[in-house]
Each structure stands twice: as C-alpha cells, then as structure tokens.
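The values are calculated or read from the model by the stated rules, or taken from the named source; none is laboratory data. It should be emphasised that the depicted structure is a prediction, and the values quoted were computed from it without experimental measurement. Methodologically, a virtual Cβ is constructed for each residue, glycine included, from the backbone with ideal geometry; neighbour enumeration extends over all protein chains shown.
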Amino acid sequence: MTATFDLASQPWIPVLRSDGRPDLVGIREALGGAPGILAVDAGSPLVTAALHRVLLAVLHRVIGGPADAEDWDAVWSAGRFDPVRLDAYLGAWADRFDLFDARHPFMQDPQVAAAESKPVAILLPERASERNSALLFDHTIEASLRPAEAACAVLVAHLYGPPGMMTPHPTDPKKSCQAGPLTGTATVFARGRTLFETLCLNLVRYAPTDGEPIAGDATDRPNWERTEPLVPGERAVRGWLDELTWLSRGILLHPEIDANGATVVRRAAMTRGEERYRGAAGSRSRTEPTFLAFRANPQAKTETADPFLPIRFEAARAFWRDSTALLVAADDRSSIRPKVIDWIGLLAREGYGDLPRTRIVPLDAYGLTMASGRASKPYLWRREHLAVSPAILEDRAIQDLVARAARYAEAVGSLFEPRYVREVGVKPAPGPFLVLAEELGDRDRVTVDPVRVAAPYWAALDPAFARFVEALGDPDAAARTAAFLAWTDAVGSAATGAFRSATRDLERQPRAALAVASADIVFRRQLAALRAKHVPEVSA
C-alpha cells in the first residue's frame, strides 16, 4: 500500500476557528476559509511561524504579487482570497503537495532515500535525538508522528535546523552544514482580526526585479515547484519565494502503516541541504529582511562577516526591549526594522486597508535561540507579542518617543549591575550595587546577582510598556507626551521597588545596613541624574 497525504485538502494546519475552537485544516481551507478563521495556532511557535511562511508563499504565487499597494488593496477589499485562482494553482501542482509523493514529496528530496534513516525525532528541536541529547523533559527514544505532524516537522527542520555535522548527502561527502534560515532569530508577523487579515498584512510587495522584498529574477518560485534536484552546497537565493521555502536540509520521510492501519512516520533521512553564499550577498539582512529585525554587527571586520545580526530571544530579556530595532526606521543604519513594518506603515500612511491610527495591530514574534557557546544545542523557544498602533510605524516623531523610552529603561537598568555607570556625571561613576559590593568587602561581587536583582524591575515594566505603546496611537500630541511621562514615572517606580527588594534582607544586618544606606544614596542620586538627562521637554 502506497502512502499518500494531500496537504492541499487533508487537515494538518492547526487553527482557531472564529468561535475559538481548535481545528485542523488543509491549505485550501486555510486560505479559502481564512475570513472565518481567527489564526494559525500550533503548540510550537516554530511550527506557527513555518506555516505562515508556506501560506504566504502560496498566496504570492496565486496572486502573482502584489506588485504594489494598489494590488494589495484590491486583495484586502475583496475580503477573501480568490477561490478560483487558488483552486487553479493547487490543482496545477497537486502532486507537489503530496507529502509522500514518490517523485516530488513536499519539501523533501527523494535522492536521500539512499541515506541512512534515523528516528524521526531528528527533525524536532524539542525532542531528544542524536542531534539534541540531554533534554530535561523529553526522553523519547522512538517518536511516531502522524502525517500532519510529520509535515510540520519537515518545515521546522528546514527553517530551524542547527549547524553541525550531519549524514552526508548521497551526492556529496561533506558532513558539516549551516544553520537553518531562522535558527537563532525572532521572526515577526503582524496579526489581524482574522487569518485573512493576518496573511494580508504580511503579504508584502512582491516585485523581485525591483528588489522587493529581496532581489530576485524570473526563476524565483517556491521550492515545491522546482524541477531540478537538490544539490547540497552554496548557491544564490533566487528571490523571496525561494527564501520562504528554502531547502536547508535534504529530508525524506519514511511512512509506514501501523497495526491500526493508519499511516505513521517513525523514521526519516536528513542530510546537508542548500546553503546561501557566505559574505554580504548571503547575509540574513539581505535574504531575510521581511520578518526579521537587525542590529549593526560591531564585529563585522571582514567581507565574510555579516554586517547585521538578527534580533533574537534571550532568556532574561523581554522582547519589547528591542523595540527600537523592531519599530524605528533608523537613519544611521544602527538597526534595520523588518520590511513588513515598513510595508504596514506605508499602507497606513497612504490610506490603504483598515489601518487607522487608533487601531491596535499586534506584532507576534516567534523564535528559537541556541545555547551560548553551543550553536548546535537548542536552548529556548518563545512567542511574544507587542500591540502597536499603525501611527508608530509611519510617524517618525512617535518612533523617536519609542526609542527614547527604550533608552531610558536601559539606562536605569544599568544601575542594577555591579559596575561603573555612564550618563550620571562628567565621567562614569560607581553604580549603587558596585558600591554595595565594595563596602561589603565582596571582591568577587557574588552578593549581587545582576539578573536576580534586575528581574523585578524588568517584570514591572512589561505591562507599563504595553500601555505606553498602545497610547501612542492617540492623535492628540499632548496625550502622547503624557503617555511618555507616565512611562518615565513607571520606570522610576519600578527601579525603586526593585532596589528595595534587592536590599531588604541586607538592611537587617548591622554592618550590611550601612553599606545599603551608602548604596541607596548613590542609587537615588544616579536615578535622578538619568531622569534629568533622558526626560527633558517632550513633544511629538
């Protein structure tokens, strides 16, 4: 019995219906019924991100664009994706959407049938495997995936695969491979009120010969349409559709029929796949600018070094702290915000779509971070969101308020580290926790854990920043100024509370109480100096 699973029609994409019910749908229903679906909502943030990319690649192909904002507005105004064109596209490529097709299995490489098969857990970063050992909460030896789960696993393996040694491809003896396109990044999607709106908001201008969203040519297409076999090694990205569906691994699922007659996948082959050219031309800021934010790389001293590094999740750092790179169009190229943010700002500014200044558009971020010093070891994955007004995305004065707000929070946050603090005088001065450590005779500064003492400060600012950003959509400049001042008050209050919490137990010890008193004087003085520097007269 030959296994088959049609991804166009069979249920495999996890969604929330308009009434909040979870369900599984195929590609045809996900796109054709998008107005009646709230969102794609998988248990894994990596799967959710990967599914959005597949649906967007299909849409770009179905629509043939959008070539400009007018094309985009026609799609938005229709209120649904054209079912005739959708059916025509899915019908034309029906065999390519079969997960187990003998010649063109979806997003796989039949050449690796000759490679050694291994437990299918090798595709999953959250499962224990030979590539991901010593997981605390998973000791799976032999995973068994249903076809719907296996399809999602293939997508995640291509996007989030770790670098390192791997089974060689049958056509190439090399074993080492690069990381997947999104490994170690936080990818950002705008979220609408329905799946239709979400996909539209992220359906950026597609004009590859004009370099939008990245440079490309007439050969650009999703990789499920390709006729040429996968050749492991470096090659140039052909365009945005190629990048959305990049085959970073040579993968082949091995389906079997279980005792109940159901198709399952217990084993798969995975080898090195295609890699971008190294150097500036192949940097992520060139190939993945649409949904990633970047900061300038201060270590980029050579042509092969990436001039920009993608923003990523960090264990003790909330994503809103990178809001400058995410939301602000930096003229000095110190950061690059995602092109999808530029696109939504343009649509709002030109009056396309239902994007008034008073509307709140959530930005959802999904990502996988690798362990420090162990690039092949998954460390954490996360989903976060930040609700913003379209006004922030297109108004430079409001963006300046966001940047100033983030800078002030970071400056005050530096008070919790046992080191010299800048911006509090003519020259750097010992911070309050450095003073505390020195007066306690703590040369190794073990008394003060900067992550622990700062945790209450940053936690208190999470809801405050959300309120601040939402308030910036107010058309009244005075109201925006008031929101900024309320934010600075919240920063001061959070810092004071965190300082008190960190020193409360020490105050009960006579000798330590004197040290705390000295640190408190320094803390209050430096907090006042930072406020004076960062909160002059405000206008927006």
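Of all the listed residues (Gly473, Gly431, Gly441), the sole one being among the small types (Gly, Ala, Ser) and on the phi > 0 side of the Ramachandran plot is Gly441.
I'd like the residue in segment 349-370 that is buried (at least 23 other Cβ atoms within 10 Å of the Cβ) and of a type in the set (Gly, Ala, Ser) and, out of all such residues, is farthest from Asp73 (Cα to Cα). For segment 349-370, the residue satisfying everything is Gly367. Look at Phe313 and say whether it is of a type in the set (Phe, Trp, Tyr), within 13 Å of the chain's Cα centre (by Cα) and closer than 20 Å to Glu470 by Cβ. Here the answer is no, as Phe313 does not meet what is asked.
Remark: pairs (first residue in segment 373-396, in the same structural domain as Leu327 (by TED's automatic domain parsing) and farther than 22 Å from Ala329 by Cβ; second residue modelled with pLDDT of 90 or more and assigned to a helix (DSSP H, G or I); Cβ separation under 7 Å; 6+ apart in sequence or on different chains) = Trp381/Pro45; Trp381/Leu46; Arg382/Pro45; Arg383/Pro45. Being closer than 22 Å to Asp400 by Cα and either buried (at least 16 other Cβ atoms within 10 Å of the Cβ) or not assigned by TED's automatic domain parsing to the domain that holds Glu70 (or both): is that true of Leu346 here? Answer is yes for this residue. Look at Asp306 and say whether it is assigned by TED's automatic domain parsing to the domain that holds Asp342, in contact with a Gly (Cβ under 9 Å, 6 or more places away or on another chain) and not in a loop (DSSP other than H, G, I, E, B). Here the answer is no, as Asp306 does not meet what is asked.
Helices (runs of 4 or more DSSP H) fully within segment 139-254 that include at least 1 residues being surrounded by fewer than 19 Cβ atoms within 10 Å (Cβ to Cβ): 147-160.
If you check Val412, Val402, which single one turns out to be outside the structural domain of Thr324 (by TED's automatic domain parsing), hydrophobic (A, V, I, L, M, F, W, C), touching a residue at least 40 places away in the same chain (Cβ under 8 Å) and touching a Gly at 6+ places or on another chain (Cβ under 8 Å)? Only one candidate passes the filter, namely Val412. Here Pro105 passes the criteria (1) out of contact with any Phe, Trp or Tyr (no Cβ under 7 Å at 6 or more places or on another chain); (2) part of a helix (DSSP H, G or I) except the one numbered (2).
Against the list (1) surrounded by 22 or more Cβ atoms within 10 Å (Cβ to Cβ); (2) in a helix (DSSP H, G or I); (3) at pLDDT below 95, the condition Gly473 fails is (2). Among the residues that make up segment 254-269, is at least one of them closer than 30 Å to Phe5 by Cα and either touching a Gly at 6+ places or on another chain (Cβ under 8 Å) or not assigned by TED's automatic domain parsing to the domain that holds Lys175 (or both)? Yes, that holds for at least one residue. State all residues of segment 305-354 that are acidic (Asp, Glu) and under 21 Å from Asp68 (Cα atoms); if no residue qualifies, say none. Within segment 305-354, Asp342, Glu350, Asp354 qualify. Looking across segment 179-201, the residues that are under 30 Å from Gly164 (Cα atoms) and of a type outside the set (Ser, Thr, Tyr) come down to Ala179, Gly180, Pro181, Leu182, Gly184, Ala186, Val188, Phe189. Would you call Phe308 farther than 28 Å from Ala150 by Cα, out of contact with any Ser or Thr (no Cβ under 9 Å at 6 or more places or on another chain) and of a type outside the set (Val, Ile, Thr)? Taking the combined requirement at face value, the residue does not satisfy it.
Restricting attention to segment 311-335, the residues being part of a strand (DSSP E or B) and either crowded, with 23+ Cβ neighbours inside 10 Å or of a type in the set (Ser, Thr, Tyr) (or both) number 1.
Conditions (1) closer than 17 Å to Leu292 by Cα; (2) in contact (Cβ under 8 Å) with a residue 12 or more places away in the chain, marked per residue:
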| residue | (1), (2) |
| --- | --- |
| Ala157 | no, yes |
| Pro163 | no, yes |
| Asp172 | no, yes |
| Ala179 | yes, yes |
| Thr187 | yes, yes |
| Ala207 | no, yes |
| Trp224 | no, yes |
| Glu228 | no, no |
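Of the listed requirements (1) of a type outside the set (A, V, I, L, M, F, W, C); (2) assigned by TED's automatic domain parsing to the domain that holds Phe294; (3) part of a loop (DSSP other than H, G, I, E, B), Thr369 misses just one: (3).
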